[in-house]
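Okay, so here's the structure we're looking at.
Taken together, the values in this text are just the output of simple stated rules run on the coordinates, not laboratory data. Bear in mind that the values here come from a model prediction, so they are computed numbers and not experimental data. Reconstructed Cβ throughout: ideal geometry from the backbone, glycine too, with neighbour counts over all protein chains shown.
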Amino acid sequence: MERLITNDPIGGRRVVLHEDRVTGQLTQETTQDVSALVEMNKASFRHFDKRTVFKKRDGLIKVASIPAALWYWLKKQGIVDDEDRLLNWLDQPENEYWRTVPGKVSKR
């Protein structure tokens, strides 16, 4: 048996509950279509202008945009709660599609 729990067409997140007919065990499956987010991140990355950073009063810069499903996975790993680990994770080449600015974001 399969039961749809959540379907967010805007965020692309879908949660489905599966039941094993033999054991009766339930499994939750979360998927997320991130193609639109990746394209937005690529555009932000390409159009980043470091000269505008110094004009912001609060000094904050958006360095990444991460999909919810991945964010929760990172939280389970303890990466989200440790700023240094999160920034180092973002600097890894395999995570480049979540970045919105060029250059390193970690302090190392």
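Taken over the Cα atoms of the stretch 1-95, the convex hull encloses 145 Å³ per residue.
Descending by average beta-carbon neighbour count within 10 Å, the peptides 19-27, 97-105 line up as 97-105, 19-27, the highest first.
Across the chain, C-alpha contacts under 8 Å between residues 6 or more apart give a mean separation that, scaled by the residue count, equals a relative contact order of 22 percent.
Taking a straight line from the alpha carbon of K104, these aspartates and glutamates sit under 19 Å away, with near neighbours fewer than eight places off in the same chain left out: D49, D82, E83, D84, D91, E94, E96.
The smallest convex shape that holds all Cα atoms of the stretch 61-108, its convex hull, gives 79 Å³ per residue. The charge dipole of the chain, taken about its Cα centre with unit charges on the Cβ of Lys, Arg, Asp and Glu (plus for the first two, minus for the last two), comes to roughly 720 debye.
Helix-derived [θ] at 222 nm for the chain: sum -39500 (n - 2.57) over DSSP H runs of at least 4, divide by residue count, nearest 500?
Result for the chain, helices only: -8500 deg cm²/dmol.
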